[in-house]
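Novice: Once you've had a glance at the structure underneath, I'll fire off some questions.
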């Protein structure tokens, strides 16, 4: 009893508590200074609200205005839904876990939360693959673009993308979701413990393979645009807005890679030990912040998004027939 009292005092001295004081299998909770708690909670709250608000603007814009009902914008809408889920669920819950260093929402919701995280990541990359293919067809075969890329085909691709993401997430998280006791986790922990071969497999399937496809397609787009610039302008009739869309979505892809590559580098170097490192936590939050960057990119490069966002914020979309409002600069 005396020894346990000494151990308890030592834990308080180095800033440790149990996540659940009435559970002998509880994880430890790292105590931070009060100022640090306030700053971190403010940051998490702002990041979540900012991400949700911006992606809602994208979703409402594309859903409401008839002139934005194009195949490309449907893919952007799907990507915005994934980013919205990150802002609505992933950032707040992961933020609480990071700040409190404990998971307070139970084993069942932990499994569901990890499933959501993996689905969103996989679906985002799938959306980017389809966006790349869409832009390649628009640049390489503009005369038949409207025939080859239709709304029905894009909706089908989006459904397949999300279904495949769900199936893959169940497979990769099968033991974690249905047999959590096999991972020897303390009570209050909510992390995925993969073997190194599983990490490599996940890296190849959810990042390397789709990234290779995306990069190869954008290299082809660049080569076609550069080599046939005069033909594209004078003969095939590709509009300036189409080329600008390709460039803008290329920036979205590039930013996505810049956010995710550091995370995977840390995972490969540190393995399962990474969950406690500063590098892992920093790269994780860079990844989460990617979800609020895409709407900012649209705001910088798409005038239609700025106009539609203004209509939404000023509540003009509540007016009759607002879905037919002029949102393109060239509209009369």
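Novice: Quick one: which helices (runs of 4 or more DSSP H) lie wholly within segment 125-230 and hold at least 2 residues that are modelled with pLDDT of 80 or more and under 30 Å from residue 19 (Cα atoms)?
Specialist: 151-172
Novice: Is it the case that residue 321 is at pLDDT below 85, outside the structural domain of residue 200 (by TED's automatic domain parsing) and out of contact with any strand residue (DSSP E or B) (no Cβ under 6 Å at 6 or more places or on another chain)?
Specialist: yes
Novice: Quick check on segment 99-112: of everything there that is in a helix (DSSP H, G or I) and in contact with a helix residue (DSSP H, G or I) (Cβ under 6 Å, 6 or more places away or on another chain), which residue is nearest to residue 205 (Cα to Cα)?
Specialist: First pass over segment 99-112, keeping only residues in a helix (DSSP H, G or I): 99-100, 106-112.
Those still in the list that are in contact with a helix residue (DSSP H, G or I) (Cβ under 6 Å, 6 or more places away or on another chain) too: 99, 107, 111.
Values: 99: 31, 107: 27, 111: 21 Å.
Result: 111.
Novice: Hey, can you tell me all the residues within segment 40-62 that are loosely packed, with under 13 Cβ neighbours inside 10 Å and farther than 12 Å from residue 87 by Cβ?
Specialist: Answer for segment 40-62, where residues must be loosely packed, with under 13 Cβ neighbours inside 10 Å and farther than 12 Å from residue 87 by Cβ: just 42.
The values are calculated or read from the model by the stated rules, or taken from the named source; none is laboratory data. Everything numeric here is computed off the predicted structure, so don't read it as measured data. Backbone-built Cβ (ideal geometry, glycine too); neighbour counts: all protein chains shown.
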